[in-house]
Each structure stands twice: as C-alpha cells, then as structure tokens.
Amino acid sequence: MNILVLAKQVPDVSKITFNPETGRIVREGVPLNINSFDRRAVEEAIRIKEKNGAKVMVASMGPPQAVDILDECLQMGADEAFLITDRKFGGADTWATSKILSHFIKIKSPDLVLAGKYSLDGETSQVPPQTSYMAGMNFVSAVSKLEIMEDGKKVTVEQDYEKGTRVITTSLPVLISVSEKINRARRVPEGTPSMKDRVQIVNSESMKLDINGNDASLTVVSGTEALHNERTVKMISLDEVFELLSRKMKEGGSKKRSQKTVLNSDFSGGKILGVALDDRDSGMQIATKLNDLSFQINAEPVMIGNVDPNLLHGMSASEYIHFNSEDIYSISRFLADYIKKERPKFVIIPSNSAGKDVAGIISAELSLGLTADCVDLKIEGENLIQYKPAFGGGIVARITSKTKPEIATVRPGIFLEKVTDREMTVREIYLKNSERYEIVENRIIESKYIPLQSSNIVIGIGRGVKGKQTIDHVVDLGEKLGIAVGGTRPVVDMRLMPRQQQIGLTGLSIAPDLYIALGVAGMDYHIVGLRYAKNILAINNDPNAPIFRYADYGCTEDAQKFIDKLDAFVSNLT
C-alpha cells in the first residue's frame, strides 16, 4: 500500500501580531511548525505502515523553509518526503492549492491520502474535499479512527460530526482528513540526525504543471483588520453572578430566541440560495441573512436542505426544497445541478461538518470561489463581500470572489434568527445515495449535551472543575436549565466530555449572549473560540488567571462553590 500525507507548515497562531500602520500580519520571529492535525496524519500513516506494511510519503506545498517539517516527518518514520515549491505557486488560494496538490497526487497514484482536517492558520477545511474531487478520489472528513479492511481494498472509519460519530466504509483510493482525536503523535527522539538531504524538491517544471498561484486563485483578499480584546473585567460577588445569570435567562432565555421579520416579495433580481444541512438553527440563521440581503438586490431567497420542514416554521424563504439524505455526494450533485440551472447570485452554506464537505466539492466541480467560516456577509454593487477570521481569529479578512455565483460557508450562531408569518412553499425531492460510501452506524451523543451553537447561555468547563462526576453533574444542571455545557481541550482530551463539546481553536467557536468560564485558565487556544461571545463571565479562584483579561465579569471563587449554588438555583426554579 502506498500512503501519501499532505502536510503544511504553519505559524504559531498564538504568537501572531498585527501591524496597525501597514494592515499586515507580522510574521518575523513567529515560530513555524507542522500543522498539528497534519502531524497526526503523519503518525497515522506510520502506524498503518508498522501494522500492515506500507510506503509512507509526505508532501508539503510551501516556501523553501517548509523543508523543516518534512525533515521532522522523515525523522518520525516516513519513507519519502517531497517539497512542492515554486515562486509561480505563490499566492494560491484553496482552489489553486488543491489544483496543484491533486496534480501531484495523480503523479504518485497513492492508495490512501491523509491530511489534517484543517490548518490552524486558515481554518477553512476546504483543501481536503476540493483536492479529493480534483484527484478523483473518495473522501471522508474529520476521521477519528481508521482501519484498513482485510481485503486491502476498503477502509472503515469513524467520522466525528456535530451530533456524534458515524461509522463509514469506503473504497480505496480515498482521501481522508483526520481529527485531533485520531492519535497522539510520537515525538522525534533527541539526537535523531537531520534527514533534510532526503527531501525531494518538486516544482512546476518537474510536475509539468503550468499554473500561477495568484492568477489561478478564485478568491481575493482585499483587506484585513485585527480583532483587539476590548473587554474590561468587572469583579463581582457570587451572589451577583447569579443575579446576572437570572437576568440573562429572563432577557433572552437559555435558547436563542427568534425575532419577527418580513419576507421580501420583489424577486426581479433573480434568486439567492441558502442551504440547511443537519441542523435546524444554522438553517434558520442562513435564511434570515439571505432574506435581509435580498432586499438590497430584489432577489428571491430559496433554501435547500435535509432538515425536516416541520422544524422550520417561519423560515425566511419563499421556497424550501427538502431532501432526506446525508450523502455528501448526492447532495453536492443536486446542488451543483441546481446552481448551473438556476444561476443564483450567491450561495450560503453552513460551516458545519456536512456543509464544509459539500461546499468544497461544489467549488471544485464548478470552479467557483469559496470562502469558509464567514462571520459577516455584505453586498457591495454586484459583489458579495465575505468576512472570514484567520490565524486563530486574530484577524478578519475581507474576501471577494472572481467567479459567480460566490459561495460562502457561515459560522453557526453568528447571525440572528428571524421568523416570518408568511408560509414558504415546500417541495419534496428524492435523492439516491451515491454508493461511494456506506454509513454503517450512527452513534448520537447523549441528549443531555445541548449543542453549543444553539444555546444563548453556555458554561465552559476547565481543569478547575474536578472529576467526571462533578462535570456530569454540571451537565445535568445545564440540561435542566436548557444551558449548553462545553469544555476546554484538556477536559476533552481527558475524555471527561465529548469532542463535540470542545470550545476553542481546535473545537468550536461560539457566540452566546453569556459564556460562563468555570475553572478555565484562559489559554489562547481556548479564547479564540470566544471572540464573538457577547458577555464573558470568568469564575476562577486564582485572581491572576489569564481568563480575567478576556472577561466582562469576574468572580474569584472556587468552581465548586458556584456549582453548589447552581444546584440550589435549579432546585428553586423547579
């Protein structure tokens, strides 16, 4: 078996700074490392080699200094390493990058390609699905377990997604993006000699690929701005903490509430398309944004998706086209055909697991620019302006597309949900599964874990909360209040909470009205998931904990005292 791993050198996002005079990121002196997800992909390839026998190749596209991460991969146990580097490739967006990587894949013809589910600098998750489509390979994203089947022709994987875990079988050749959960990568032993001389250099000439990264890119970054922490903490007592909690529950409730809106009725400007996949809330939010934008260009807001229409009463759309399928290929095929036929002015897709995969495949098939994980969308003239966070959320990039229609995935929880009294038309269609993969089992996480991005109030558990029994009790109390409970990466790594509830750079970004950081230290990798929270309340018995620098309210009490008082608070309500 031949395995190819795609790895990227990325800056340490916690060390990134921003020059306000030039409007540019300061990269000088910032440590460069192998992307953490990609390191796990390399580790998984080496483990397959050790168990089944395989040849492991690693390729990285980047500048000459990316040789350092390939050296590390060889030291870990990879057999061959390739640096894809050429000035002509510079400035490539995800579509152009995927074009180059897929060409290299076709040259090497591996049975299995592994990659991290996203890079920590760009956070798009676009390159794996785009590359797989262009290379003509099957694709499964966010894999936390991988087994080669006995016949050597298929793989069985466990795929993490918002509601739990799917067990999937698919045929080789396949490109798989791996999650953080798949393994713990080995460290290179001290004293291991450098192997840089074994790294093979690949360029446009040797690949026989005439492509210019800038010219081939379908998206353009037209500006960036830094996001500064403008919160000033106000220290309050534990009694005042519960006064704040009571007030927030009375103001908006624990569940995000809907506002009223009016549906646009002037459709003279054509159609605009939104997608609802696997999640009612993000679908309603996209429909609301679609309708808001429709008034500017007199367009008809149409929604398509697999969410039960009975859950979408009041959706701000003229029509909802519903299908009952979770097959990303059949969904992508239908959406691509609809886009070619109806030519909507732009397409908005949720930035959840299915949405990212579907958007990447459509972008690759139709050669359309795609911007991931947007936190805002605006219309200027004929263009959809897409605002996307990068480098751990430290900056927001202003992006436009060279192609029409523009496609953007949007972060769940960012936009408001508004409902209309006007009933939309519902059209049912049947989608036949693609047969490119089979969902063997669907393991849904316990219902007591409320989805983080649908809750108006979220409690985040840090290491200051001791023991699984205590954490489970907080989750139970949260369920009674309708409050979502999540955790930091260390809490999830210790298996005290499902990976679906992780908040931060390698977890979810959330935007609740109130985030209660309970026993959370406040490390950068957690804070980046909270940038869009309206209010942050930190409870930590260490007055010097970093979390207080990022909070609106602070309380220097032990986490257990808060839990005891929360217990009484719930009892009084019930």
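Looking at A81, A92, A185, A96, which is the one that is assigned to a loop (DSSP other than H, G, I, E, B), in contact (Cβ under 8 Å) with a residue 24 or more places away in the chain, hydrophobic (A, V, I, L, M, F, W, C) and over 20 Å from G507 (Cβ atoms)?
Exactly one of A81, A92, A185, A96 is assigned to a loop (DSSP other than H, G, I, E, B), in contact (Cβ under 8 Å) with a residue 24 or more places away in the chain, hydrophobic (A, V, I, L, M, F, W, C) and over 20 Å from G507 (Cβ atoms), namely A92.
So which residues in the stretch 167-182 are under 26 Å from K108 (Cα atoms) and in contact with a Lys or Arg (Cβ under 7 Å, 6 or more places away or on another chain), if there are any at all?
Residues satisfying the conditions are T169, T170, S171, L172, S177, V178, S179, I182.
Anything in the stretch 513-527 that is touching a strand residue (DSSP E or B) at 6+ places or on another chain (Cβ under 9 Å) and in a loop (DSSP other than H, G, I, E, B)? List them, or say none.
The answer is D513, G519, V520, G522.
Can you report the number of residues in the stretch 109-168 which are part of a loop (DSSP other than H, G, I, E, B), among the small types (G, A, S) and either more than 19 Å from T506 (Cβ to Cβ) or free of Cβ contacts under 8 Å to residues at least 40 places away in the same chain (or both)?
Counting residues in the stretch 109-168 that are part of a loop (DSSP other than H, G, I, E, B), among the small types (G, A, S) and either more than 19 Å from T506 (Cβ to Cβ) or free of Cβ contacts under 8 Å to residues at least 40 places away in the same chain (or both) gives 3.
Do we find that L238 is in contact with an Asp or Glu (Cβ under 6 Å, 6 or more places away or on another chain) and either in contact (Cβ under 8 Å) with a residue 60 or more places away in the chain or surrounded by fewer than 16 Cβ atoms within 10 Å (Cβ to Cβ) (or both) in this structure?
Criteria met by L238.
Between a first residue in the stretch 441-470 that is under 13 Å from G486 (Cα atoms) and a second residue that is aromatic (F, W, Y) and surrounded by fewer than 22 Cβ atoms within 10 Å (Cβ to Cβ), which pairs have beta carbons less than 9 Å apart while being 6 or more apart in sequence or on different chains?
none
Can D71 be described as touching a Lys or Arg at 6+ places or on another chain (Cβ under 6 Å) and touching a residue at least 40 places away in the same chain (Cβ under 8 Å)?
Yes: the conditions hold for D71.
Being crowded, with 17+ Cβ neighbours inside 10 Å and either in a helix (DSSP H, G or I) or outside the structural domain of G460 (by TED's automatic domain parsing) (or both) is the filter here; which residues of the stretch 555-568 pass it?
Within the stretch 555-568, A559, F562, I563, L566 meet the criteria.
From the list R398, R427, which residue is within 28 Å of Y525 (Cα to Cα), out of contact with any helix residue (DSSP H, G or I) (no Cβ under 9 Å at 6 or more places or on another chain), among the basic types (K, R) and not assigned by TED's automatic domain parsing to the domain that holds T165?
R398
Report, by residue number, each residue of the stretch 375-390 that is of a type outside the set (S, T, Y) and surrounded by fewer than 24 Cβ atoms within 10 Å (Cβ to Cβ).
If the condition is that a residue be of a type outside the set (S, T, Y) and surrounded by fewer than 24 Cβ atoms within 10 Å (Cβ to Cβ), then V375, D376, L377, K378, I379, E380, G381, E382, N383, I385, P389, A390 are the ones that fit.
Every residue in the stretch 280-333 that is without any contact (Cβ under 8 Å) to a residue 40 or more places away in the chain, of a type in the set (D, E, K, R) and crowded, with 20+ Cβ neighbours inside 10 Å, please.
E300
Kindly establish whether A533 is within 23 Å of I445 (Cβ to Cβ), at pLDDT 95 or above and among the aliphatic types (A, V, I, L, M).
no
So for the stretch 159-170 (the condition being of a type outside the set (S, T, Y) and more than 25 Å from the chain's Cα centre (by Cα)), does at least one residue qualify?
no
Select from the stretch 416-444 the residues that are more than 30 Å from P173 (Cβ to Cβ), of a type in the set (S, T, Y) and surrounded by 14 or more Cβ atoms within 10 Å (Cβ to Cβ) and list them in ascending order.
Matches in the stretch 416-444: T420 only.
Considering only residues that are more than 18 Å from A81 (Cα to Cα) and in a strand (DSSP E or B), look in the stretch 1-31 and name the one that is modelled with the lowest pLDDT.
Only one residue fits best here, namely R24.
Looking at (1) touching a strand residue (DSSP E or B) at 6+ places or on another chain (Cβ under 7 Å); (2) of a type in the set (S, T, N, Q); (3) surrounded by 22 or more Cβ atoms within 10 Å (Cβ to Cβ), which one does T400 not meet, given that it meets all the others?
Only one criterion is unmet by T400, namely (3).
Can you pull out the residues in the stretch 528-554 that are surrounded by fewer than 24 Cβ atoms within 10 Å (Cβ to Cβ) and not in a loop (DSSP other than H, G, I, E, B)?
Once the filter is applied, which keeps residues that are surrounded by fewer than 24 Cβ atoms within 10 Å (Cβ to Cβ) and not in a loop (DSSP other than H, G, I, E, B), the stretch 528-554 yields P546, F548, R549, Y550, Y553, G554.
Quick check: is even one residue across the stretch 495-514 within 22 Å of the chain's Cα centre (by Cα), more than 26 Å from A185 (Cα to Cα) and not aliphatic (A, V, I, L, M)?
yes
Under the condition of being assigned to a strand (DSSP E or B) and surrounded by fewer than 13 Cβ atoms within 10 Å (Cβ to Cβ), which residue from the stretch 188-222 is nearest to the chain's Cα centre (by Cα)?
S222
Out of S447, S454, S367, I need the residue that is surrounded by fewer than 15 Cβ atoms within 10 Å (Cβ to Cβ) and either farther than 26 Å from L175 by Cβ or assigned by TED's automatic domain parsing to the domain that holds K561 (or both). Which one?
Going through S447, S454, S367 in turn, just one is surrounded by fewer than 15 Cβ atoms within 10 Å (Cβ to Cβ) and either farther than 26 Å from L175 by Cβ or assigned by TED's automatic domain parsing to the domain that holds K561 (or both): S447.
Name the strands (runs of 3 or more DSSP E) wholly within the stretch 368-480 that hold at least 3 residues that are modelled with pLDDT under 90, more than 18 Å from P350 (Cα to Cα) and out of contact with any His (no Cβ under 9 Å at 6 or more places or on another chain)?
Hits in the stretch 368-480: 395-401.
The values are calculated or read from the model by the stated rules, or taken from the named source; none is laboratory data. Note that the coordinates shown come from a computational prediction; the quantities given were computed from them, not determined experimentally. Note: ideal-geometry Cβ built from the backbone for every residue, glycine included; neighbour counts use all protein chains shown.
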